Amino acid sequence: MSINFSAMNKLYGVQGSSFTTGAETIAHRAAATGTLTQAPEKTDVISISPQGNLQREIGRVSKSVMAGIRQTDAEDSARIDDLRAQIENHTYHVPTDLLANAILGREAEL
């Protein structure tokens, strides 16, 4: 592997044709010549587009709906198992007035 010191000098903005060896660094050299300057601070910025925000909100709502469906399925499953057991044990009873009202399309009066 070969190192192109000239390209590195250009990359780091160092004047001169080569690097020195030993403990001397670019910062030491700049301090010795009185040209010590700080590099401008660089920061990254992340910006989320309106479409990205909408997609995130849709994902959040979808997860909430799916959690509700799973909970309802579990509750319905337990209710169905209970009804099945009552039918098999011959303990399931439908009040005749509720049955008649359902057939006639009337609401049950409480």
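Could you order Glu41, Glu75, Glu57 by accessible surface area, starting with the largest, using a probe radius of 1.4 Å?
I get Glu41, Glu75, Glu57, largest accessible area first.
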Cα gyration tensor category, rounded, prolate or oblate, for the range 53-110 with a/c compared to 1.5: oblate
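Please give me the summed charge of the neighbours of Leu83: other residues whose Cβ is under 15 Å from its Cβ, Lys and Arg +1, Asp and Glu -1.
Taking every Cβ under 15 Å from that of Leu83, the sum is -3.
The values are calculated or read from the model by the stated rules, or taken from the named source; none is laboratory data. In this text the structure is predicted, and so the values were computed from the model without any measurement. As a convention, Cβ positions derive from the backbone with ideal geometry for all residues, glycine included, and neighbour counts pool all protein chains shown. These accessible areas exclude ligands, DNA and RNA; they are computed on the full protein's heavy atoms, side chains included. Shrake-Rupley method; radii C 1.70, N 1.55, O 1.52, S 1.80 Å.
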